[in-house]
Amino acid sequence: MRPTPTPLVATPTPLVATPTPLVVTPTPIEVAPTPLRFGYGTNGFAHHRLTDVLVVLADLGYDGVALTLDHGHLDPYADDLPRQVTALSRALARHGLDVTVETGAPYFLDPWGKHLPTLMSEGAERRIDLLERALRIAADLGSPTVHLCSGPAPEGLAEQDVWKRLAAGVESVLATAETYGVALAFEPEPYMFVDTVERCLRLAELVGGHELFGITLDIGHAHCVEEHPVLDCVRLAAPRLLNVQIEDMRRGVHQHLEFGTGEIDFPPVLAALRDLGHQGLVSVEIQGGALDAPDVARRSIEFLRAVAA
């Protein structure tokens, strides 16, 4: 038996070695937080024409205005409302001001009853109509949100039924919000039925976690009545936070104060909002400063700019 011959040609050694994979760890790119944008509420300028309010705020360097629909400042039931909205839209653009629409005027629908009627009381259809008008105005002005609050619970109604009525009313308004692409920014308000961030989040669940249901967080209110520290309230509201109101306040006393005259430590609050990437306005709400509105607005923006620097 003949032996198997040895191959004459050896298996060639590869001329090119298999490269060792080069692993490059990317250097993280630090993105600076978006600067906060500050606004001022028109309810703090009760004795000014709306056109003059815009001039003052623009001259002071504000980024926007929180427009409360009211008898004196853009009445949503005015006969010439379309003309007024068009003129206001042009004025906002001319002054470079953003806007958010608010519906918290306390006696707008009832001269005797504060914040009445509510979405939970008799006459709820009037509140729904106001909110639907506000959504249409917001869309025309380019406001991403319409602010609202619950008002007081009707006397004698079980809490479970109050929640049902409130959720039904909000769902009705959300249908209109979908039409205009404007979100509802619900504010927990001291001594109202929905007075804390946690109750606001419960309402969000009752309306199915609707994408157009968000939160307005008032920093002063959080300090006034919340069980949690203000910073915890900011973090709790963060997933649905669309709008922020800000002023100083004392614990248990619902009085809107100028910065530095209450108890709130603002630097960490503004830092938290900035770090969260809050995109909406942070609007000063000091209704009691109307008789000295330009100076209050000046002191407020100087304080906020210094703290946010």
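Screening Ala175 against (1) part of a helix (DSSP H, G or I); (2) among the aliphatic types (A, V, I, L, M); (3) in contact with a Cys (Cβ under 9 Å, 6 or more places away or on another chain) leaves a single unmet condition, (3). Which one is surrounded by the fewest Cβ atoms within 10 Å (Cβ to Cβ), of the residues in region 113-172 that are among the acidic types (Asp, Glu) and part of a helix (DSSP H, G or I)? Looking at residues that are among the acidic types (Asp, Glu) and part of a helix (DSSP H, G or I), I get Glu159.
Listed by first and then second residue, the pairs with beta-carbon distance under 7 Å, at least 6 apart or on different chains, first residue in region 286-309 and within 15 Å of Thr261 (Cβ to Cβ), second part of a helix (DSSP H, G or I) and of a type in the set (Phe, Trp, Tyr), are Val307/Phe266. Of all residues in region 51-72, those that are within 15 Å of Ala105 (Cα to Cα) and surrounded by fewer than 20 Cβ atoms within 10 Å (Cβ to Cβ) total 2. Among the residues of this structure, Gly260 counts as one that is at pLDDT 95 or above, closer than 19 Å to Ala222 by Cα, surrounded by fewer than 16 Cβ atoms within 10 Å (Cβ to Cβ) and not polar (S, T, N, Q).
Here is a yes/no grid of residues against (1) within 24 Å of Val269 (Cα to Cα); (2) within 19 Å of the chain's Cα centre (by Cα); (3) among the basic types (Lys, Arg):
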| residue | (1), (2), (3) |
| --- | --- |
| Asp129 | no, no, no |
| Glu132 | no, yes, no |
| Ser143 | no, yes, no |
| Leu148 | yes, yes, no |
| Leu157 | no, no, no |
| Val173 | no, yes, no |
| Ala177 | no, yes, no |
| Leu184 | yes, yes, no |
| Pro188 | yes, yes, no |
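Quick check on this structure: which one of Glu178, Glu198 is of a type in the set (D, E, K, R), closer than 30 Å to Gly96 by Cα and in contact (Cβ under 8 Å) with a residue 12 or more places away in the chain? The conditions single out Glu178.
The values are calculated or read from the model by the stated rules, or taken from the named source; none is laboratory data. On a predicted model such as this, the values are computed, not experimentally measured, just so you know. As a convention, Cβ positions derive from the backbone with ideal geometry for all residues, glycine included, and neighbour counts pool all protein chains shown.
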